[in-house]
Amino acid sequence: SGLIGSFLVPVLQASGREVVVLDPRIPARRLDGVEYVAGHYEDADLFARTLSGCEEWIDLAYATQPKTSFDDPLHDLLGNVPAAVALFKRALESKHLRRVLFVSSGGTVYGPSTHWPIPESAPTQPISPYGITKLTIEKYAFMFHRTCGLPALVVRPSNAYGPGQMPFTGQGFIATAIGSVLSGRAIPVFGGGQTVRDYLYVDDLARGILAVLEHGQPGEAYNLGCGVGLSNMQVLEALTPIARGHGQELVIDQQPARGFDVPVNVLDIAKVGTATGWSPRMPFSEGLARTWDAIAATFKPA
């Protein structure tokens, strides 16, 4: 029921699938034909009942964010890894399951890199607890694949953005920048604004997940991104005419660099394109304008 899931569910439905959503938060607007189960993924018995009869499982559940993982690394570890491992073990008991897809993080598992775009074969040296736990869960998924036949696949998305992303949550520079402008706040920009990220519109991400689910090979990881890097300042330059068109101006608050921010992260998406035919469609300028419109329509300054 989060940002990615809210776009993924209708994409799965459109592909002809019957969809079950397991989430502690049942959305106020529910899609017809989708079964919503209220509960936490750490409830192994509830998970087993929900999974019964299902042929595919996509794991979007996560208890932390990159920033909060630094605030409490132990919680990041204990809140994510034990539950994921337990669920992989429970999934092995299913007689129907033919795909288990874990949504990892292309933005954090690689860590600092010297060459871009970054392929799946690049070294993985994450510098945040969030990236370490994501990578650890990947390793468990692939271990169960190799030793027990778990049909596990992994996608590593770049920085997702789009309608529905909430400002000021500690995740999502674009949403926080838009929220800052709408509330008259200065936009916090760390390290001189030269941090470079690969921004992927969330509907493109949802289509990418479906493509890997249908055409990816168990035991493999696939990057999902645009393959194009934009610095924070370039994002703000693109946002400026949109804001001015609505009578708003950008104010920037330059802050020191943060130790957990990788300077550059741009993903190589050749592997997923070859395997599935997927590629991103949304131009960044259009995706940014849609994101502004969606946030502005519901935004209530604190």
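Counting only protein heavy atoms and a probe of 1.4 Å, the accessible surface of the chain is 53% carbon and sulfur. Residues whose amide H falls under 5 Å from that of Y36, counting only those 5 or more places apart or on a different chain, are V21, with hydrogens built in the peptide plane. Per-residue SASA remark: F284, around 50 Å² accessible (1.4 Å probe; ligands, DNA and RNA not included).
Report, in listed order, any pair from K67/K134; K134/K300; K89/K271 with a Cα-Cα distance greater than 24 Å.
Details: K67/K134 14 Å; K134/K300 33 Å; K89/K271 28 Å.
Pairs exceeding 24 Å: K134/K300; K89/K271.
Using only alpha carbons, the range 4-118 has a radius of gyration to Kirkwood radius ratio (Rg to Rh) of 1.00.
Would you tally the net charge around E286, using a Cβ to Cβ cut-off of less than 15 Å, leaving E286 out, and scoring K and R as +1, D and E as -1? After counting each charged neighbour, the total is -1.
For the chain, a Gaussian network of Cα nodes joined below 10 Å ranks G162, G208, G229 by mean-square fluctuation, and the top entry is G229. With 0.36 nm allotted per residue and the present C-alpha distance subtracted, the S15-Q125 stretch has 36.0 nm of extension available. Ligands, DNA and RNA excluded, the heavy atoms of T108 present near 20 Å² of accessible surface to a 1.4 Å solvent probe.
Top to bottom by accessible area (1.4 Å), largest first, where do H246, H115 land? Please list the in-between numbers first.
Details: H246 105, H115 135 Å².
Most to least solvent-accessible, the answer reads H115, H246.
Please state the shape class of the range 79-183: rounded when a/c is under 1.5, otherwise prolate if a/b exceeds b/c and oblate if not, all from the C-alpha gyration tensor. In terms of gyration-tensor shape, prolate.
Rounded to the nearest 20 debye, the dipole magnitude of the range 253-302 is 140 debye, with +1 charges on Lys and Arg beta carbons, -1 on Asp and Glu beta carbons, and the Cα centre as origin.
What is the sum of charges around A186, taking Lys and Arg as +1, Asp and Glu as -1, for the other residues whose C-beta is under 12 Å from the C-beta of A186? List each step's numbers first, then the result.
Working: positive: R185; negative: E249, D253.
Neighbour charge sum, excluding A186 itself: -1.
For W278, the accessible surface of its heavy atoms amounts to roughly 10 Å² (probe 1.4 Å, protein chains only, rounded to the nearest 10).
Net charge in the neighbourhood of R258 (other residues with Cβ under 15 Å of its Cβ; Lys, Arg +1, Asp, Glu -1) is -1. Considering amide H positions built from the backbone, and no H for Pro or chain starts, which residues 5 or more places from E220, or on another chain, come under 5 Å of its amide H? Here the answer is V154, since their amide H atoms fall under 5 Å of that of E220.
Placing a label point 7 Å from the Cα of V37 along the Cα-to-Cβ direction, the residues of the range 79-106 whose backbone N falls under 14 Å from that point are 87-88, 90-97. Taking the three principal axes of the alpha carbon atoms in the range 123-185, the coordinate ranges are 55, 25, 17 Å, sorted in descending order. Spherically averaged projected area of the convex hull of Cα atoms, the range 1-57: 3.9 nm².
From the C-alpha gyration tensor of the range 158-302, pull out the three semi-axes of the equivalent ellipsoid (sqrt of 5λ each), sorted largest to smallest, in whole Å.
Working: eigenvalues 167, 61, 31 Å².
For the range 158-302, the ellipsoid semi-axes come out as 29, 17, 12 Å.
In whole angstrom, the range 64-109 maps to an equivalent ellipsoid with semi-axes of 26, 14, 5, each derived as √(5λ) from the alpha carbon gyration tensor and ordered largest first. Kirkwood hydrodynamic radius computed over the chain comes to 19.9 Å, based on all pairs of distinct alpha carbons. Using Cβ point charges alone (K and R +1, D and E -1), the dipole size of the chain about the Cα centre works out to roughly 80 debye. In percent, rounded to a whole number, the relative contact order of the chain is 19, using alpha-carbon pairs under 8 Å and six or more apart. Sorted into 5 angstrom bins from 0, the C-alpha pair distances of the range 199-264 split as 3, 12, 14, 15, 16, 15, 11, 7, 5, 1, 0 percent.
The values are calculated or read from the model by the stated rules, or taken from the named source; none is laboratory data. Model, not experiment: these values are computed from the prediction. Note: ideal-geometry Cβ built from the backbone for every residue, glycine included; neighbour counts use all protein chains shown. In case anyone asks, the SASA skips ligands and DNA or RNA and just uses the protein heavy atoms, side chains included. Shrake-Rupley method; radii C 1.70, N 1.55, O 1.52, S 1.80 Å.
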